[in-house]
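Trainee: Here it is, the structure, as structure tokens.
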Amino acid sequence: MATDAIALEQVRDDTPVRHAGFLSSRVLIYGALLLWAFISLFPIYWTVTTSFKVAVNVTQGHMVPWVDFQPDWKGWRSLGLSPDTIGETSTVRDEFLKRFENSILASVGASILAVVIGSLAAYGLSRFQYRFGPWRNKDISFFFLSQLILPPVVLAMPFLVLYKELALLDTKIGLILVYTLMVLPIVIWIMRDQFDTIPQELEQAALVDGCTVWGAFLRIVLPIALPGMVAAFILSVVLCWNEYFFAALLTSTDAKTLPVMVASQTGSQGINWWSMAALSTAAIAPLVLIGLFLERYIVKGLTAGAVK
Amino acid sequence: MHVSSPLAADPQIEVVSREVSDSRKALGRGLIILASLVLAAILVVQVLYATDAIAVGFENWRPALYAFLLWSVALGVGQVLIRGEHGQRALFLLPAILFTVAMVIFPTFFGLYIAFTDWNLSSFKGRQFNGLDNVMGLLQDSYFWNALLNMVYYVLSVLVQYAIAFGLALLLNAEIRARKFFRVAFLMPFMLSPVAVSWMVGKSIMEYRYGPAATLARHLGWDSPAFFTTPWVARFSIMAMDSWVWIPFIMVLLLAGLQALPKELSEAAKVDGATPWQSFWEVTFPLMLPVSVTAIILRIIFELKLADIVINVTAGNPGGATDTVSSFIFRVYRDRSNVGYGTMLAEFYLVIIIIFVTLLLKWASRWIRRYTWQ
């Protein structure tokens, strides 16, 4: 392919006029690419650098560390995460770490639960024919997918009351259950797509050999479907990690997650830019890492079923 | 939404029916009946206790939850015992069904009940049925209708997002170096939490004194770059932030669509002497229609839930100009503790959404069919 393209270009580019046209289109393409990369990355750059600024750097609009301004640990010190305060006790840091832990537990717990029950349902819907009264596979699938439409605000109040009665308010279990509900349709969608690409002959052979349906599923299909499950899992973690609405309403002290903590800080007027920037940086760091190293799983998860 | 397409191929796995003995069937039925009785007993006791009919009961409804879990397990085991192979298959679907039904159906109906009460958490009276008062209040609530109108603007902004995303997808699909870098960079905004984005972009970059966006605007000749004080500017600022987060989502879908297109088509168009402009409008764009429609519909569904950014950046200000329905209801709950009225608004909004999305799906599938058959 590559050599073809080069050959083609050589044929086209034999005249200087053509060459100039080709060059200017290249410049345009790379210009647009760089512009959008700047738009995408500048807020992240801004937040990370601001966390190392002091007041005068903020008001003077200094941008480039070591050139414009001397980096300072001030923002991180207020979080208790700078080198000189890391050994000391810090209530802010304890608070932050607790929220961080809550976020991890809630998002990972919900994602595991959703991937387990979602994969089972997706496998069933992909392989067997169900009848539940007048409902067939198609209707059951639609029932799951239709949950995507439900806005959180509709469920928020009933959940608040329900959780109060069940003593689940402000607990991590309660949050995990809500988040599982939120990502389940997406997981089922991704896994349906995944299972549909696996040929059924594999399981049929196993069934003939005397495997049960569950045996065939666990031993043969599951290992093949693993990439899809990883994609569904990672996408779920990202969505749950970023969730704010339910967390703001259903948690108060014990189970509060990181986004709620960040939001409660932005609400107060006197907050310093550097500490806010440090907090934001710490809150987005795991996501940036996931984006850097697991980008292809995110893309796989997002595009499942959408392109046929 | 490809709800139906994977089903075109009939599921083929044959039933290996093994005979299930009568005693096993009886055991299964007994188990389910027993579990149902336990669940019913606990519910009855708790209802009686909650209504002060009896003095003995549980502290909260948690035992009912455990009883429901127990009942679900018994139902699963019972299915296998009674129906053998068929039961084992049902077992794949049961957990998800039971979970979703328990988590959605009950809250939705309970929400309908709340919606017709005058329940306010800050008053001591407790809830009372107040008939259609909430509906009347809703019809006269200009802030709610204003928020609904804003949703129309926000949904329309999806088309702009789509246009930008299509451009980016085309760029990424071109013959470029460092494609991996650009892909990761372009996807990054989608990964960030909207709450963090609210601060990073809304409250610091667009801050009118020191924010770099304000500084840039001053250099470009806008004397007082206040992004959140006049209605339309504030609305556009929210749209810009929302687009910044969500354009990568549309872009990823479109890029996957572009990569699935057969290369020969654009090559053939080139050989036939079509300019890139023509080849895009006459080859690429029509072929991309199904993916585009899927992406836009999904994006609209997510756009209808927009709340986090508005809640955290403007809280609906100035004067409700940036309010989404969700952020408005959030404030009704949060600041006024008006549970009954807020729930009525939410249920009303849900009805509108369901009608809107149903029409959208119908219209989209008809439109695609007509477009591809001509």
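The values are calculated or read from the model by the stated rules, or taken from the named source; none is laboratory data. If you're wondering where the values come from, they're calculated on a predicted model, not measured in any experiment. Reconstructed Cβ throughout: ideal geometry from the backbone, glycine too, with neighbour counts over all protein chains shown.
Trainee: Could you list, ordered by first residue, the pairs with Cβ atoms under 8 Å in which the first is in segment A:63-74 and more than 17 Å from B:Gly211 (Cβ to Cβ) and the second is part of a loop (DSSP other than H, G, I, E, B) and of a type in the set (A, V, I, L, M), at least 6 apart or interchain?
Mentor: These pairs meet every condition: A:Asp72/A:Val54; A:Lys74/A:Val54.
Trainee: Something else now. Among the candidates A:Thr281, A:Thr180, A:Thr212, A:Thr197, single out the residue that is within 10 Å of another protein chain (Cβ to nearest Cβ), surrounded by 22 or more Cβ atoms within 10 Å (Cβ to Cβ), closer than 30 Å to B:Gly87 by Cα and hydroxyl-bearing (Ser, Thr, Tyr).
Mentor: Details: A:Thr281 fails: closer than 30 Å to B:Gly87 by Cα; A:Thr212 fails: surrounded by 22 or more Cβ atoms within 10 Å (Cβ to Cβ); A:Thr197 fails: surrounded by 22 or more Cβ atoms within 10 Å (Cβ to Cβ).
Only one candidate qualifies: A:Thr180.
Trainee: Follow-up question, since we're still on this one. Taking A:Glu101 as the residue in question, decide whether it is out of contact with any Gly (no Cβ under 8 Å at 6 or more places or on another chain), modelled with pLDDT of 85 or more and in a helix (DSSP H, G or I). Talk me through it step by step, then tell me what you get.
Mentor: Numbers: out of contact with any Gly (no Cβ under 8 Å at 6 or more places or on another chain): yes; modelled with pLDDT of 85 or more: yes; in a helix (DSSP H, G or I): yes.
Taking the combined requirement at face value, the residue satisfies it.
Trainee: I need the full set of residues from segment A:248-260 which are over 16 Å from the mean Cα position of the chain (by Cα) and in contact (Cβ under 8 Å) with a residue 60 or more places away in the chain, in order please. Outline the logic, then answer.
Mentor: So in segment A:248-260, the residues over 16 Å from the mean Cα position of the chain (by Cα) come out as A:248-256, A:260.
Scanning segment A:248-260 gives A:Leu249, A:Leu250, A:Thr251, A:Ser252, A:Thr253, A:Asp254, A:Ala255, A:Lys256, A:Val260.
Trainee: Also, quick follow-up: Name the residues in segment A:284-297 that are surrounded by fewer than 21 Cβ atoms within 10 Å (Cβ to Cβ) and β-branched (Val, Ile, Thr), would you? Spell out the reasoning first.
Mentor: Going residue by residue through segment A:284-297, those that are surrounded by fewer than 21 Cβ atoms within 10 Å (Cβ to Cβ) are A:285-290, A:292-297.
Residues satisfying the conditions are A:Val288, A:Ile290.
To keep it simple, each residue is scored yes or no on (1) crowded, with 22+ Cβ neighbours inside 10 Å; (2) touching a helix residue (DSSP H, G or I) at 6+ places or on another chain (Cβ under 7 Å); (3) of a type in the set (Phe, Trp, Tyr).
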position: A:Glu88; (1), (2), (3): no, no, no
position: A:Arg93; (1), (2), (3): no, yes, no
position: A:Val116; (1), (2), (3): no, no, no
position: A:Ser119; (1), (2), (3): yes, yes, no
position: A:Arg131; (1), (2), (3): no, no, no
position: A:Pro134; (1), (2), (3): no, no, no
position: A:Ser141; (1), (2), (3): yes, yes, no
position: A:Met157; (1), (2), (3): yes, yes, no
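Results for (1) of a type in the set (Phe, Trp, Tyr); (2) over 17 Å from A:Met276 (Cβ atoms), shown as yes or no for each residue.
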residue: B:Pro189; (1), (2): no, yes
residue: B:Leu192; (1), (2): no, no
residue: B:Tyr210; (1), (2): yes, no
residue: B:Met239; (1), (2): no, yes
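Trainee: Taking the options B:Phe144, B:Phe182, name whichever one is away from every other protein chain (no Cβ under 11 Å), out of contact with any Cys (no Cβ under 8 Å at 6 or more places or on another chain) and surrounded by 18 or more Cβ atoms within 10 Å (Cβ to Cβ).
Mentor: Residue meeting the stated conditions: B:Phe144.
Trainee: Sort out which residues of segment B:93-118 are at the interface with chain A (Cβ under 7 Å from one of its Cβ atoms), surrounded by fewer than 20 Cβ atoms within 10 Å (Cβ to Cβ), modelled with pLDDT under 90 and more than 19 Å from the chain's Cα centre (by Cα), and write them in order of number.
Mentor: Residue satisfying the conditions is B:Phe110 alone.
Trainee: Test of understanding: among B:Leu159, B:Leu139, which residue is in a helix (DSSP H, G or I) and either surrounded by 19 or more Cβ atoms within 10 Å (Cβ to Cβ) or within 25 Å of the chain's Cα centre (by Cα) (or both)?
Mentor: On the way: B:Leu139 fails: either surrounded by 19 or more Cβ atoms within 10 Å (Cβ to Cβ) or within 25 Å of the chain's Cα centre (by Cα) (or both).
Among B:Leu159, B:Leu139, only B:Leu159 is in a helix (DSSP H, G or I) and either surrounded by 19 or more Cβ atoms within 10 Å (Cβ to Cβ) or within 25 Å of the chain's Cα centre (by Cα) (or both).
Trainee: Related question: Is it the case that segment B:337-353 has a residue that's touching a residue at least 24 places away in the same chain (Cβ under 8 Å) and not in a helix (DSSP H, G or I)?
Mentor: The answer is yes, given that some residue of segment B:337-353 is touching a residue at least 24 places away in the same chain (Cβ under 8 Å) and not in a helix (DSSP H, G or I).
Trainee: Give me the helices (runs of 4 or more DSSP H) completely within segment B:221-324, filtered to those with at least 2 residues that are modelled with pLDDT of 85 or more and under 24 Å from B:Arg366 (Cβ atoms), ordered by residue number. Full working, then the answer.
Mentor: Values: elements: B:231-260, B:263-271, B:276-279, B:289-303, B:308-313.
Filter on segment B:221-324 gives B:231-260, B:289-303.
Trainee: Do we find that A:Pro83 is loosely packed, with under 14 Cβ neighbours inside 10 Å, more than 14 Å from chain B (Cβ to nearest Cβ) and in contact with a Phe, Trp or Tyr (Cβ under 8 Å, 6 or more places away or on another chain) in this structure?
Mentor: Values: loosely packed, with under 14 Cβ neighbours inside 10 Å: yes; more than 14 Å from chain B (Cβ to nearest Cβ): yes; in contact with a Phe, Trp or Tyr (Cβ under 8 Å, 6 or more places away or on another chain): yes.
Criteria met by A:Pro83.
Trainee: Looking only at segment B:321-374, filter to residues that are of a type in the set (Asp, Glu) and within 27 Å of B:Thr230 (Cα to Cα); which one of those is surrounded by the most Cβ atoms within 10 Å (Cβ to Cβ)? First the steps, then the outcome.
Mentor: As a first pass, look at segment B:321-374 and keep what is of a type in the set (Asp, Glu): B:323, B:335, B:347.
Within this subset, residues satisfying the condition of being within 27 Å of B:Thr230 (Cα to Cα) are B:323, B:335.
Numbers: B:Asp323: 29, B:Asp335: 10.
Here the residue is B:Asp323.
Trainee: When you go through A:Ile86, A:Ile149 one by one, which is the residue that is of a type in the set (A, V, I, L, M, F, W, C), outside the structural domain of A:Thr257 (by TED's automatic domain parsing) and either outside any helix (DSSP H, G or I) or in contact with a strand residue (DSSP E or B) (Cβ under 7 Å, 6 or more places away or on another chain) (or both)? Write out each step before concluding.
Mentor: Numbers: A:Ile149 fails: outside the structural domain of A:Thr257 (by TED's automatic domain parsing).
Criteria check complete, one pass: A:Ile86.
Trainee: A:Glu165 passes all but one of (1) touching a residue at least 12 places away in the same chain (Cβ under 8 Å); (2) closer than 30 Å to B:Phe110 by Cβ; which number fails?
Mentor: Only one criterion is unmet by A:Glu165, namely (1).
Trainee: Considering only segment A:99-114, state which residues are under 14 Å from the mean Cα position of the chain (by Cα), buried (at least 18 other Cβ atoms within 10 Å of the Cβ) and under 21 Å from A:Leu279 (Cα atoms).
Mentor: A:Ser103, A:Ala106, A:Ser107
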